[in-house]
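Report on the following structure.
The values are calculated or read from the model by the stated rules, or taken from the named source; none is laboratory data. What you are looking at is a predicted structure, and each value in this text was computed from that prediction instead of being measured. We place every Cβ from the backbone using ideal geometry, glycine too, and count neighbours over all the protein chains shown.
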Amino acid sequence: MTDTHTAAGPLRIAIVGSGPSGFYAAEALFDALPNVEVDMLERYPVPYGLVRLGVAPDHAKLKSVIAQFEQIARRPGFRFCGNVALGRDVSPASLASMYHAVVLATGVNGDRTLGIPGETLRGVHAAADFVGWYNGRPECRALEFDLRQESVAIVGQGNVAIDVCRLLASPLDKLARTDITAHALDALANSRVREIHLVGRRGPAQAKFTPKELRELGQLPGWQPVVDPADLELGEACRAEAADPANPFIAKNLQILRCFADAPRRKGDRSIYLHFLRAPVAAKGEGRLQALELRRQRLVGVAGQQRAVDVDGSGRLDVGLLFRSVGYRGIAMEGLPFDVARCVVPNEQGRVKDCEGRHLPGWYVTGWIKRGPSGVIGTNRQDSVETVQSMLADMPGWIAPPRRDSDALRDQLDARAHRVVAFDDWLAIEREERENGHHRGKVAEKFVDETAMLAAVENARGMRQEERV
Ligand code: NAP
């Protein structure tokens, strides 16, 4: 079937989203097919999704994956279409009419709430918003976080919670060299935070953070992680979980937590308290957050499936700032199927299914919007390979798109004078961000506003034109 398509022109695939899962899907397609064109749509003028907007600025190593994505972007047949959002600039039906197949790699952009009274008080925020604010997500640039507060609680014990905690406690001179946004750096420079509480509803054996990230909490100058040794006494099911060779992270986390618990308190240090078996019950305050009420929990269930239930005993943390970091949540896209319970696009090995469970021909999905927000960047590679394998198996049944010329999307957007950002344009934005950062001794000073990004593109295009004349 590949030959048939080759004879009739290349296969044309649209990938929606330019984060890791989108790039890995493009790579798998280029590796498998000799004659394929991939248009990668991205709603922002800049690529890389969570690598740009989610990975913490002090974790530069994690961003090195961008070099691989640049290689993929240079493969013949690849085209970046930045500033083009599915639903906003092109409808699903219209997109499907221009490509043999569409791969959704949009990630998950919502956050889960706690569902407790007081959650809308001033001073209560989604961790995802804080992450977007320090990383330059355009929608988050005008948010304000009151860092004059001395005590902060973070509910949830995953890696996002740790990122938020570490950013609040990192030495400023270290952050100042990264690509953290200027507004976040300024606010952190005036921070009065002295106490951070990381609150988990389950025990230390169920914490979702990874050992490397947990260990870093013990390496923050002037800060000390504090753990109650009683919280590290494990029941039988927890001991079984900790001994499971399939999940070596648990034993490593426990070892690190024991070191934290054993360390003598250092006078004058600020504190990161790790609380286990405490569930948030209510956020309290007059007009703004003043305290978080907690209820003690115990675990029930067999190893690997333990859940937290209430027991007698409550507590209260006097905090002026609260971040809920209890996971991201996929958001439904108009005109496309959505599993409301799991907050993902329903699928079978990456084939999108409609509400009756039938495959939606030509539609595929990969990454967090396929499986939910789990795993690390590399997890998306295998996920995208699986989706592309489903595509390859289905290819003989694909119907050629009514508009099969490679400029179909471009023509439609040009007709509305919509500006599409090409990969070279992005490289010009990136160059300018690096230059702006260089003047301040930083890796980069990111644009945080789409208008400024597009202005940088116009500027660079103008300069390229002048050079040609
Ligand atoms: P996560 O790993 O799923 O952690 C969510 C945390 O929230 C869990 O501790 C969970 O506890 C808790 N939680 C959920 N609902 C709750 C509720 N109603 N009340 C109290 N606690 C609740 O999510 P995440 O931290 O957002 O991370 C998302 C993904 O990104 C993960 O795969 C993570 O590893 C990845 N990530 C990686 C890095 C890195 O590699 N450095 C950095 C950031 C993120 P239960 O277990 O009891 O549900």
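Quick notes
- Single match in Gly375, Gly350, Gly367 (criterion: surrounded by fewer than 23 Cβ atoms within 10 Å (Cβ to Cβ) and in contact with a helix residue (DSSP H, G or I) (Cβ under 9 Å, 6 or more places away or on another chain)): Gly375
- Test: residue in segment 425-442 that is under 22 Å from the mean Cα position of the chain (by Cα) and in a strand (DSSP E or B): no
- Contact map, segment 161-176: residues that are over 15 Å from Asp129 (Cα atoms) paired with residues that are modelled with pLDDT under 95 and more than 10 Å from the ligand (Cβ to nearest atom), Cβ distance under 9 Å, separation 6+ or inter-chain. Pairs shown: Ala176/Arg440.
- Summed over segment 104-141, the residues that are among the hydroxyl-bearing types (Ser, Thr, Tyr), near the ligand (Cβ under 9 Å from one of its atoms) and without any contact (Cβ under 8 Å) to a residue 24 or more places away in the chain give a count of 0.
- Taken over segment 209-231, residues that are assigned to a helix (DSSP H, G or I) and farther than 28 Å from Gly375 by Cβ amount to 2.
- Cβ pairs under 9 Å, 6+ apart, first in segment 196-211 and over 17 Å from Glu241 (Cα atoms) and touching a residue at least 12 places away in the same chain (Cβ under 8 Å), second of a type in the set (Ser, Thr, Tyr) and within 6 Å of the ligand (Cβ to nearest atom): Leu198/Ser325
- Residue list for segment 193-226, filter: under 25 Å from the mean Cα position of the chain (by Cα), closer than 17 Å to Pro264 by Cα and either polar (S, T, N, Q) or near the ligand (Cβ under 9 Å from one of its atoms) (or both): Gln219
- Filtering segment 19-52 to residues that are aromatic (Phe, Trp, Tyr) and under 17 Å from Pro76 (Cα atoms) leaves Phe23, Tyr24, Phe30.
- Among the residues of segment 269-288, those identified as within 15 Å of the ligand (Cβ to nearest atom) and outside any loop (DSSP other than H, G, I, E, B) are Leu274, His275, Arg278, Ala279, Pro280, Val281, Ala282, Ala283.
- Qualifying residue in segment 400-407 (condition: under 23 Å from the mean Cα position of the chain (by Cα) and touching a residue at least 60 places away in the same chain (Cβ under 8 Å)): no
- None of Ala25, Ala93 is small (Gly, Ala, Ser), over 17 Å from the mean Cα position of the chain (by Cα) and more than 30 Å from Lys212 (Cα to Cα) except Ala93.
Okay, residues lined up against (1) among the small types (Gly, Ala, Ser); (2) surrounded by 13 or more Cβ atoms within 10 Å (Cβ to Cβ); (3) at positive phi:
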residue: Ala283; (1), (2), (3): yes, yes, no
residue: Val311; (1), (2), (3): no, no, no
residue: Arg329; (1), (2), (3): no, yes, no
residue: Ala332; (1), (2), (3): yes, yes, no
residue: Val344; (1), (2), (3): no, yes, no
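- Qualifying positions in segment 165-192 - away from the ligand (no atom under 16 Å from the Cβ), within 29 Å of Pro280 (Cα to Cα) and either assigned to a strand (DSSP E or B) or of a type in the set (S, T, N, Q) (or both): Asn190, Ser191
- Looking at segment 1-117, the helices (runs of 4 or more DSSP H) lying wholly inside it that each contain 2 or more residues that are at negative phi and among the hydroxyl-bearing types (Ser, Thr, Tyr) sit at 2-7, 20-32.
- Hits in segment 329-387 (condition: aliphatic (A, V, I, L, M) and within 16 Å of Gly17 (Cβ to Cβ)): Ile331, Ala332, Met333, Leu336, Val344, Val345, Val352, Val365, Ile369, Ile377
- Note on segment 313-327: among residues that are surrounded by fewer than 22 Cβ atoms within 10 Å (Cβ to Cβ) and small (Gly, Ala, Ser), the one that is farthest from the ligand (Cβ to nearest atom) is Gly320.
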